[in-house]
Every structure is written in structure tokens, then in C-alpha cells.
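Written below as C-alpha cells is the structure these notes are about.
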């Protein structure tokens, strides 16, 4: 005989199973249109906030440089991921090609996480807005400030290098 616990378990399990199958079989176009509409709403809110508050206009223009750098990096990463997804979804690709594509996707995601982590550390430790781009052993840091002394740049380099066992080539530049 089925008791209440088993009945609840079966009900919830079947619900999760149905939802996961629905999500997997959902067309990609539907997901992309939802993301695009969300991005459009965010952009319109940003535009409205710029026109409403002219005193903060200078600060937002300065951070536009970092936003532009982030968007360019995200577009490049997204193109790479799309190419790798084509390889993964192609039935003509060999297992080795698919494994290599999967490993590259995994590496891209890890790198993106490291970049965000470095930006957060710089903001927490130095109260500076920054953009970090990792390209193999090279790490480029762009800091948004009027003046960056050599000591702060050195501290930022040391902070980032502490995360790695091997030597990284770290450059720090500042932008106004």
C-alpha cells in the first residue's frame, strides 16, 4: 500500500521529470527571444535613468568604457561558444572533436569566472572599478580612475598573482 510520503515523492518526482523534459525539448528560439526582451528592458531603463539624473551623467559615461570592454569580450566569448556548440551538435563530428570542444567550453566558463572574481577582489580591496581579461598566461587589467600610482598597480598585480601557482604576465593600466 502507498503511504503519504511515497505518494508525495512520486508526485514531485514526476513533476520534476515532466518539467525537465519540457525544458530540454523547448526550442532555442523561444529562449533567445526571452533573453533579448529582458536585455531590451534593461537598456531602456538605463537610458531613462540617464535622462532623468544629469548629475550622475559624468559617472555613467566613465563606466561606459568598462561596459564597452565587457560587451566586446562577451561578444567574442559568445561567438566562440556558438562555434563550439555547432561542433558538439554536429552529427559528423568525431568523439575527439566533441571532447575538445567541450573542454574548450569548460575552459571559457572557468576563465570568465576568474575574470569576474578578480574584478570583485579589486573592487573590494581597492574600491576601484575595473575590467579584467585573461588570455592564456596574460592578464590585462583596466582600472577606471583619474590617477593610479605604481604602488596600487603593484598591489593589484600581487593580488591577482596570489591566485595562481605559475607565473602570469599581468598588466595594469588606468583610464579616466
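Rounded to two decimals, what is the ratio between the C-alpha radius of gyration of segment 84-176 and 2.2 N^0.38 Å?
Normalised by 2.2 N^0.38 Å, the Cα Rg of segment 84-176 equals 1.38.
Once you place label points 7 Å from the Cα toward the Cβ at residue 9 and residue 79, how far apart are they in nm?
Simple spin-label model gives 5.2 nm for this pair.
Measure off 7 Å from each Cα along the Cα-to-Cβ vector at residue 22 and residue 173, then give the distance between these two points in nanometres to one decimal.
Roughly 5.0 nm, to one decimal.
Read-outs: derived from the displayed coordinates by stated rules, not from any lab. Everything quoted here is computed from the prediction, not taken from an experiment. Positions of Cβ are generated from backbone atoms using ideal geometry, with glycine treated the same way; all protein chains shown enter the neighbour counts.
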